[in-house]
Structures are given as structure tokens and as C-alpha cells.
Amino acid sequence: MKKLTLIILKFLARLMMARRKPRVVGVTGSVGKTGAKDAIARVLSAKFSVRKSEKSYNNEFGVPLTILGIDSGGKNIFKWVAQLAKLPVNFLRPGYPEVLVLEMGVDKPKDMDYLLRIVRPDIAVFTSVGEIPAHVENFLSRNELLKEKAKLAFAVPRSGFVVYNNDSPDWPELFNGKVMAGRISYGLMNDADIKAHRPEIRFADGEAATPVPLGIAFKIEHKGSTVPFRIDGVFSDAGAYLAGAASAVGIIFGMNLIEISSAFLNYIPSRGRMNLLKGIRGSYILDDTYNSSPVSLRLALDTLPTKRKIAVLGDMLELGEFSESAHRDAGRHMAKVCDIVFAVGLRMQFAKDELIARGFKENENVFYFEDSESAASEVKKIIREGDFILVKGSQGMRMEKIVKEIMASPEKASELLVRQSGQWLKT
């Protein structure tokens, strides 16, 4: 069933691409690719008709589904039939998007080869990597994973562009001498074509005991022009990186920095990606439950505002041989920035051990639980007014279950949280 479905989707997606001929922006990386994809789509939507990958549509199923404009039927054959029945209309009706912004993920060797047999990008965007990338356990080494992702750049024609995070040093080395397309870099720390300044958190005006963060403000430079940017609902350097990537793509499409900055006034971050939610008893939740990796976890921890800082953290999965060292490194960093830590999952025991070694006391300011369900009720007990609570973990840890327990309006979970479909709620 799965193999036949993939064959059908691949054939139909290639047919759709040949018929409609949209411009394609492919986005890959290990950290921040979904945020970059959303930001690029938001910017380009100011001038073009755009379709982007939704949900986690970034694999051999998701990419053709996005191209075809249909949803997954999951494990239900009748739902697949219903979705495929929409295709004659999708093929024939006018108004197909001018631009497709496709997230192109890699979980194992040859994944990128498969996706490139379906679609080849006009622009390839590469986000951050980190020393220990997600999904590295399925590859012989970190470098093999990066080589698989880099295939996206080699597929771009001379008329296209490769956009890359210059603060991730691997990309220039991997691209050197192999990329036919033009290259545009973005970043915060190193020299880049699109240079973002370090962002500052913006707070709401007022005299509240606990100032409410609204988002970030920063500037971006390009060819002598400097333009201020403001992004609501984003609270870390990650916001400046996604704006840098989107600015590079916007410029390729003929937009200027002022137009690009204005587009960000309507940017809404995806669910579970550092979303600020109101919590019980006047607390605030930084909901970063979509996924986790060493780089994204450090960024999230460094984002916690002042006042009492509580981190509720689940395992980082798919790290292979790096799993123990990554969780220990995370524990050492938690000790510097957190007041209270709830460690959830077998691998987070390594982080807990590092916290205890640095003066944290078990069941006083560091707590351990095997799963998110057992942790939720205990987190609820210690929350008080003004607390900022970061909740984060890999998808398999289901940390959004904790957010639902401590958010002020749990009845809005289906609108605000990740993994709220019927299929996910059963697991």
C-alpha cells in the first residue's frame, strides 16, 4: 500500500510540475528550516501567489502532497481515494501558485535523491546545522548527513541561487567548486551578504509586575542599506536568522528590504515554535514543543526572560552516539540559566545528573519523570504568578501534553498547540 501510494504521488507530482511550471524554493537544514520556510512564504506572499509545505510535509509523502495541493490519507485507503479524486480539478483549474516553498527534509541516506527526482529547486535555502544535527543516528557520520542535504544545492541550475547561513561553517566548504548557481549568504556573527544585527526582546508598554514580551526588534543590512525589522511572537536569535533567509529570497525575487520588513508585520510563527501562551496563575509559557535538538535547545534556554525561569524539557531523539554527550552538555547549560528544571525521558537523566553535580537538588529544583503524562501534574503544582516556563522536547516525547495542562485556556488547545489531530491524540 505505502509503496504503491508513493509511486502514484511521485508520478502525479512530476506531471503537475511539468504542467504548471512554478518557481520552486527548497528549504533544508537541521535547525530552523520550518521557520525559514514560513518566513519565506510570508515575504513572497506580499507580491506573488505562494503555496508552502504545511504540517510536517517535508518527506517523500509531504513534498508531492504539497505540489498536488492535497492532504494525506494516513492509513485509511478511503481517505486516499477521496484526496486523489480532487486531482482532476487541481490539474485543470486556473490559479496554481506562482511559487512553491517546499521544506525538504532528510532522515536517512538517499532521501534527498528521492525528492530531487520529484522536483528541482530554482532556489535552495540552507539553515543552521549545529555540531550534533537531528537525524544523525541514521547516518555513518555527521558529514554524511550534511552531504546528503548539500545535494539540494548541486541540483540548482546556473540561473538559480543557493542561500545559506554563513554562521554555519560547513556549507561554504561543502559547496565550494560544486555549486553552479549564484550564492547569497546571511547571518549574525560572520561576514554575510545579508547581515542581521543581534535582536533585542520587545516588551509591552505598561506597569505590570511582569512585563509581557511581544517579540524581537533588530536591523538587517544589505549593500549599504540598513532597515529595522520587528517580528512579534518570536523571542530568540532564531528570528533574525529566519528573517535573513527570507530577506535573501525576497531580494532574489526583486523585493527591497523595506518591502520585506513590512511583510514581517503579518508574520505568525507556527504552532509549537517558541509561541508565547498565557499559563495558569498569571504565568507565561514558551511553547517550543514541535521538536528539539542541541542547537535549538540552547537557543530556547537563552531566550527565557528575567524572573523565575522554569524549563520542562524532554529527550532529544535521533542523536545516535552523540545522545549522552548532547544531553550532558544541555544539563551544564541549564545549570547556568534555569532556576527549576523538569527533566522528562530516559536521556534527560544525563542532564539531571549534570544539574545535581552543579548544586541542583533532586525534588527541590530539579525533578525527573519518565514521560510527559506523569510530569504534567507535578509541573502544575509549582507554578506561580510571573513564572516563565519553557516546554520543549522531540516530537516523540509529546511535550505538548504538558502545555495543555498548564495553559490558561486548555479549551483552545486545538487552535494553539501542535499534534492535536485525532490520529495524534490517540497516541
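Which loop-located trypsin sites (Lys or Arg not before Pro) does segment 261-303 contain, where loop means any DSSP state but H, G, I, E or B and the Cβ has at most 13 other Cβ atoms within 10 Å? The partial results should precede the final answer.
Working: sites: ARG271, ARG273, LYS278, ARG281, ARG298; in loops: ARG271, ARG273.
Listed in order of number, the matching sites amount to none.
Please give the net charge around GLY314, taking every other residue with its beta carbon less than 12 angstrom from that of GLY314, where Lys and Arg add +1 and Asp and Glu add -1. Display every interim value, and only then the final one.
On the way: positive: ARG347, LYS392, ARG398, LYS401; negative: ASP288, ASP315, GLU370, ASP371, GLU373, GLU400.
Taking every Cβ under 12 Å from that of GLY314, the sum is -2.
Subtracting the Cα-Cα distance from 0.36 nm times the residue separation, let me have the gained length for PHE91 to ASP113 in nm, one decimal. Write down the numbers at each step before the final one.
Numbers: separation 22, 0.36 × 22 = 7.92 nm, distance 2.55 nm.
The span from PHE91 to ASP113 would gain 5.4 nm if fully extended.
Anything in the chain that counts as a DSSP H helix reaching 20 Å or more along its axis (C-alpha) with Kyte-Doolittle mean of at least -1.0? List them, would you?
Working: long enough: 2-20 (26 Å, 0.65); 237-252 (23 Å, 1.31); 323-337 (21 Å, -1.12).
Answer set is 2-20, 237-252.
Given a Förster radius of 30 Å and the C-beta distance between MET1 and LEU425 as r, what FRET efficiency does 1/(1 + (r/R0)^6) yield to the nearest 0.05? Before the final figure, lay out the partial values.
On the way: r = 24 Å, r/R0 = 0.79.
For MET1 and LEU425, the calculated efficiency is 0.80.
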Practice task
Tell me which residues come under 5 Å, amide H to amide H, from GLY215 once H is placed; ignore anything under 5 positions away on its chain.
Solution key: ARG202, GLY233
Exercise for the section: Please report how far the C-alpha centroid of segment 395-427 lies from that of segment 275-302, rounded to the nearest whole angstrom. Expected result: 14
Handout entry: Nearby aspartates and glutamates by direct alpha-carbon distance to LYS21 (threshold 16 angstrom, same-chain neighbours under 8 apart not counted)
Key = GLU98, ASP122
Practice task
Can you grab the distance from the C-alpha centre of segment 326-340 to the C-alpha centre of segment 93-145, Å, no decimals?
Solution key: 31
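I want the local charge near GLY224. Using Cβ-Cβ distances under 14 Å, sum +1 for each Lys or Arg and -1 for each Asp or Glu among the other residues. List each step's numbers first, then the result.
On the way: positive: LYS195, LYS219, LYS223; negative: ASP193, GLU221.
Within the 14 Å Cβ shell, the charges total +1.
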Exercise for the section: Would you mind calculating the gained length between ARG358 and LYS219 on full extension (0.36 nm times residue separation, minus the Cα-Cα distance), in nm to one decimal? Expected result: 46.3 nm
Fill in the blank from the handout: Across ALA196, ALA85, ALA311, the residue with the highest GNM fluctuation in the chain (Cα network, 10 Å cutoff) is ALA85
Fill in the blank from the handout: With R₀ set to 35 angstrom, the calculated FRET efficiency between the beta-carbons of ASP205 and ALA46, to the nearest 0.05, is 0.80
Fill in the blank from the handout: Per-residue ellipticity at 222 nm attributable to helices in the chain (runs of n ≥ 4 DSSP H, -39500 (n - 2.57) apiece, nearest 500 deg cm²/dmol) works out to -10500 deg cm²/dmol
Problem - Choice from ILE356, ILE382, ILE123 with maximal GNM fluctuation in the chain (Cα, 10 Å cutoff) - result: ILE382
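Over the residues of segment 157-273, compute the C-alpha Rg and express it relative to 2.2 N^0.38 Å. Please report the intermediate quantities before stating the final value.
Working: Rg = 15.8 Å, N = 117, 2.2 N^0.38 = 13.4 Å.
It is 1.18.
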Problem - Distant-in-sequence amide H partners of ALA408 (H built 1.01 Å from N, under 5 Å) - result: LYS278, GLY279, ILE280
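Taken together, the values in this text are just the output of simple stated rules run on the coordinates, not laboratory data. Bear in mind the structure is a predicted one, so any value in this text is a computation, not a measurement. A quick note on method: Cβ atoms are made from the backbone with ideal geometry, for glycine too, and the neighbour counts reach across all protein chains shown.
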